[in-house]
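One structure below.
The numbers here are math on the coordinates, done by the rules we state, and not lab data. This one's a predicted model, so the numbers in the text were calculated from it and none came from an experiment. Here the Cβ positions follow ideal geometry from the backbone for every residue, glycine too, while neighbour counts run over all protein chains shown.
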Amino acid sequence: MAKLEILKFPDTRLRKKCKTVDKVTPAIQKLADDMLETMYDFRGIGLAAAQVNEQVRLIVLDTRRPEGDDKDAQDELGGESDLERAIQQPLKIINPVIKKRVGKTTYNEGCLSVPSYFEVVERSKYIEVEALNEKGEKILIKTDGLLAICIQHEIDHLDGKLFIDRLSPIKSARVKAKIKKFGYPEKGEEREDDDEQGDDDNDEMTDSQHRL
Ligand code: ZN
């Protein structure tokens with residue numbers, strides 16, 4: 001396996017629409033394994049092929065919380081849902097299509113392509129997703145919780161969309177301008193809350209926040 005480079009906003013390659021996978025080849029399976037390794041290495045819980053400059057409809061996910069983690073209870077979603085727990089993870093899914101959506105939920109999302117930024121995004125609460133697994137077999141995933149949020153976030157990547165596009169127009173423009181002006185903090189360095197514009201949101205990462 002190999003660790004891959006993750007593209008970061010405002011890299012225009014993140015804006016390309018990814019192509020449907022016609023056949024699940026060994027190359028696709030290797031890409032999925034490399035993506036999973038890369039995702040774990042950056043402590044992410046989801047990664048889309050678009051983020052590693054491969055324009056194919058492939059995503060990998062692992063939203064399981066560490067066992068016996070007390071912080072789990074403080075998770076803004078209240079920890080893993082029963083539906084989430086029933087699904088074997090990590091997941092490698094190909095050509096995902098959302099067939100059903102029920103309800104709304106919000107979550108303070110982060111992204112490996114927009115490191116150190118977190119913003120509240122609205123998503124569907126429950127989803128049913130048709131896809132292929134890594135063996136090329138048709139599967140139907142029915143889930144809610146963090147896994148549902150993460151799948152929606154990753155499918156957005158396949159369509160060239162980022163979570164910072166889903167904020168209010170004013171907030172979206174402000175976050176993008178800020179990144180373009182200041183860039184991202186170096187590894188291990190916390191981004192300073194240098195909000196000269198005086199916004200009141202707190203973007204600092206806590207242990208219960210996740211990069212999707
Ligand atoms: Zn992302």
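Structural remarks
- Computed from Cα positions, the angle between helix 169-182 and the longest principal axis of the chain comes to roughly 80 degrees.
- Cross-link pairs beyond the 27 Å C-alpha cut-off, checked among 104/178; 8/99; 30/161: 104/178; 8/99
- Entry for region 6-73 at q = 0.13, 0.14, 0.16, 0.17 Å⁻¹: log10 I(q)/I(0) = -0.43, -0.49, -0.61, -0.67, Debye formula applied to identical alpha-carbon scatterers, no solvent contribution.
- Restricting region 66-167 to trypsin sites (Lys or Arg not before Pro) in coil, as DSSP defines it, with at most 15 other Cβ within 10 Å: 135
- Averaging 1/r over every pair of different alpha carbons in region 1-146 and inverting the result gives a Kirkwood radius of 16.2 Å.
- When the chain is treated as a GNM with alpha-carbon contacts under 10 Å, the residue of 132, 77, 58 showing the greatest mean-square fluctuation is 77.
- Counting only DSSP beta bridges whose two residues both lie in the chain, roughly 85 percent are antiparallel.
- Filter on 16/181; 23/142; 3/138 - keep pairs with C-alpha separation over 26 Å: 3/138
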